[in-house]
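FYI, it's all coordinate maths here, none of it is from the lab. Worth saying up front: this structure is predicted, and the values here are computed from it rather than measured. Here Cβ is always computed from backbone atoms with ideal geometry, including for glycine, and neighbour counts include all displayed protein chains.
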Amino acid sequence: MISLSSKQPRLPLPSPLMMSEPGSFAYFTMHDRWTTIARRIIPENQYPPEIAANLEALVKELLHGNVRSLNDDGGTDVATWNANLQPFLGKSWIEMPWFFAEVYFYRRILEATQFFGKGQWQGVDPFAVQKQRELEAICSNPAISIAADSQGNPKQFISRLYQSLWGNRADLSLKPGETLTSAREIEFRNSQHILVDDAPAIAAMLAKKACTRIDLIGDNAGFELFYDLQLIEFLLTTQTTQQVFLHLKAHPTFVSDATIQDARTLLDTFAKNEEIYLQSWANLLKNYLKEERLILGADEFWTSPFAFWQMPDTLYQEFAKSHLIVIKGDANYRRILGDRQWSFTTPFSEIASYFPAPLAALRTLKSEIVAGLQTAQIQQLNNEDSAWLTNGDWGLIQFVDHKQSEEVP
């Protein structure tokens, strides 16, 4: 059972995002995206009739059935899930808060596919086929050689930060196979599509502080993980920090979210690449793993339905040792805000004040939630791009120094 921290934002909490409003992205996610995701993995994995029937039953339950407890499928998280499902048992899915329901949906996919069982499908990632295709696309992408070929240059930090940000566009649950393909496109998006850019403030903070530890909470495998590892390699090679903790998922979720196995597979694949410098880059990171300068972790919390202010005390205490926490992606951003209906102009620093160390959030917008924008900016976005909140074309790099936040009256 997870022990939860009592930390939370200093502001009163608004209501959570729900899925019951027709026309909302949450409503569309439940009725269209989830059903497609559940059915797509049947032919990809050549599942037997039993598992195919389980997935079809899940789809039917989404639209017409009621919430139930998890079966005791061998997962170590069953007791935690069933305790927190109690308020929703017997209700329709649409009555659950969106984020809670979304994480529960992906956990139900693992139950349906016998991921935690003892048979043939134990430990088989239902999304592995999609992840493998994206990994192959990375290896054949000419832009990758540009991204990997500038090790150790201190002037590259902000550039690496931007790559890590826009790598978040590669999300197999939203836009399969779509990502940035060139440095020129990244440069264009930097100049036109970053709504808040605190990258210079992050660079300045790291430049003036002796840094021994940075934590990066990862999001997607594939392109995004590659760019995250580019950033990590830079931080370690340039001695910007002595150690990086990379937090990944304990089991498959959200289609493309990265697990420890995904990270190791990526490095093993690049270590065998025909390009010598890509081999060297991968082997350098593998050596950092051996030296424990790079540490991979997969706490059960990262696949739970809880907001970040509900993180276990053990994680909170670990983060208190960090000089910088980098949080990647849309789902993690939603957890910073508790997936609640904050005004878009609410100061991000006021919401994220509960973190025990300086925090950088890198995210492309894929859900109807955001904070820290200006009123005029919102009006312009509404006029320019009606889908700006959800299409992944707009990005944020937001920075909060907790010590400065504590001084805010």
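For Asp171, list long-range residues whose amide hydrogen, built 1.01 Å from N in the peptide plane, is under 5 Å from its own amide hydrogen.
Residues meeting the amide H criterion: Glu178.
About its Cα centre, what dipole magnitude does the range 139-406 give when the only charges are +1 on Lys and Arg Cβ and -1 on Asp and Glu Cβ, stated in debye to the nearest 20?
460
Expressed as a rounded percentage, what relative contact order does the chain have, with Cα pairs under 8 Å and six or more residues apart? Write down the numbers at each step before the final one.
Numbers: 677 pairs, mean separation 80.3, N = 409.
20 percent.
Which residue fluctuates the most in the chain, going by a Gaussian network model with Cα springs under 10 Å, if the choices are Asp77, Asp339, Asp330?
In the Gaussian network model the winner is Asp77.
Please list, by residue number, every one of the trypsin sites (Lys or Arg not before Pro) in the range 251-333 that is coil in DSSP and has at most 13 other beta-carbon atoms within 10 Å.
Working: sites: Arg264, Lys272, Lys286, Lys290, Arg293, Lys321, Lys328; in loops: Lys272, Arg293, Lys321.
Filter output for the range 251-333: Lys272, Lys321.
Have a look at Phe28, Phe355, Phe399 and tell me which one the Gaussian network model of the chain (Cα, springs below 10 Å) gives the largest fluctuation.
In this elastic network of the chain, the residue with the biggest mean-square fluctuation among Phe28, Phe355, Phe399 is Phe28.
Looking at the chain, what % of its DSSP beta bridges pair antiparallel, to the nearest 5?
Antiparallel: roughly 35 percent of the beta bridges in the chain.
Roughly speaking, what % of Cα-Cα pairs in the range 2-94 are separated by over 18 Å, rounded to a whole number?
63
Just to check, using Stokes-Einstein with a Kirkwood Rh over alpha carbon pairs, what's the diffusion coefficient of the range 268-409 at 37 °C and 0.692 mPa s in µm²/s?
For the chosen part, D equals 188 µm²/s.
Send over the semi-axes of the range 199-274's equivalent ellipsoid, whole angstrom and largest first, taken as the square roots of 5 times the C-alpha gyration tensor eigenvalues.
They are 25, 15, 11 Å, listed largest first.
Students often get this wrong, so check it: of Lys249/Lys366; Lys91/Lys131; Lys272/Lys328, which have C-alpha atoms separated by over 31 Å?
Lys91/Lys131
What GluC sites (Glu not before Pro) in the range 241-308 are in a loop by DSSP, with at most 16 other Cβ atoms within 10 Å of the Cβ?
Details: sites: Glu274, Glu275, Glu291, Glu292, Glu300; in loops: Glu274, Glu275, Glu291, Glu292.
Hits after loop and neighbour filter: Glu274, Glu275, Glu291, Glu292.
Filter the chain for me: DSSP H helices, axial length by Cα at least 18 angstrom, mean Kyte-Doolittle hydropathy not below 1.0. List them by residue number.
223-237
If the chain between Ala53 and Gln120 were fully stretched, how many nm would it gain, using 0.36 nm times the residue separation less the Cα-Cα distance?
22.4 nm
In square nanometres, what is one fourth of the surface area of the convex hull spanned by the alpha carbons of the chain?
19.5
With the dipole of the range 240-365 worked out from charges on the C-beta (+1 for Lys and Arg, -1 for Asp and Glu) around the Cα centre, which of Thr265, Ala282, Pro252 lies farthest toward the positive end?
Selected residue: Ala282.
Which values of log₁₀ I(q)/I(0), to two decimal places, follow from the Debye formula for the range 64-147 at q = 0.12, 0.23 Å⁻¹ with a uniform point scatterer at every Cα?
-0.51, -1.08
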